[in-house]
Amino acid sequence: MIRNDNKDLVKVEVQNEENWEQAFEQECLCAPLVDVYEIADEYVMSVNLPGIPKEKIRIKIEDSHLVIMAKADLKEIEQRNYILSETSAGNYFRKFKLADSINIEKIIAKYSNGQLVINLPKQEFAKPRTIEIK
């Protein structure tokens with residue numbers, strides 16, 4: 001739900017990677033909706049980021065955590081004359097602890113139509129396998 005009291009927030013323009021995280025510390029954060037499911041060789045994470053351009057999304061691995069940050073254009077949102085809004089508006093942030101069974105070197109991410117999909121492949125030892133009985 002959008003509230004009009006966010007106009008007094010401090011805004012930091014993100015010019016480069018160094019002040020990207022600083023902007024998130026000073027602005028309103030929303031938690032995007034996330035679905036995570038498992039298939040044979042990997043986990044798949046689907047993150048809902050409507051209206052966010054790909055260039056404004058950052059994903060990083062830090063201390064065995066997957067961190068997702070996305071920066072919305074709050075000026076555009078504030079200019080709209082909403083009658084009703086039930087969607088989240090603002091900057092997005094989520095942090096997930098990664099299991100040891102995930103191969104962090106092979107994580108891939110794709111973004112299309114407001115949906116960020118992150119494939120988290122399993123390490124070989126964590127993949128299902130059949131054991132032959134002798």
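Computed from the coordinates by the stated procedures, all read-outs in this text should not be read as laboratory data. Because the structure is predicted, anything quoted here is derived from the model rather than measured. We place every Cβ from the backbone using ideal geometry, glycine too, and count neighbours over all the protein chains shown.
Just subtract the alpha-carbon distance of VAL67 and ALA31 from 0.36 nm times their residue separation and send over the number in nm, one decimal.
Numbers: separation 36, 0.36 × 36 = 12.96 nm, distance 1.17 nm.
Separation in residues times 0.36 nm, less the Cα-Cα distance, equals 11.8 nm.
For ASP41 and LEU98 in the same chain, what is the full-extension length gain: residue separation times 0.36 nm, less their Cα-Cα distance, in nm?
Working: separation 57, 0.36 × 57 = 20.52 nm, distance 1.54 nm.
Result: 19.0 nm gained on full extension.
If amide hydrogens are placed 1.01 Å from N in the peptide plane, which non-local residues have theirs closer than 5 Å to the one on TYR43?
LEU120, LYS122
If we count every other residue with Cβ under 12 angstrom of PRO121's Cβ, Lys/Arg +1 and Asp/Glu -1, where does the sum land? Walk me through the numbers on the way to the answer.
Values: positive: LYS106, LYS122, LYS127; negative: GLU38, ASP41, GLU42, GLU105, GLU124.
Value of the local net charge: -2.
With each label point set 7 Å from Cα along the Cα-Cβ vector, what nm distance links VAL117 and ARG129?
Simple spin-label model gives 2.8 nm for this pair.
Using θ = phi - 60° and the Karplus form 6.51 cos²θ - 1.76 cosθ + 1.60, what ³J(HN,Hα) does each residue of the range 57-63 get, whole Hz, x for Gly and Pro?
10, 10, 10, 8, 9, 9, 6
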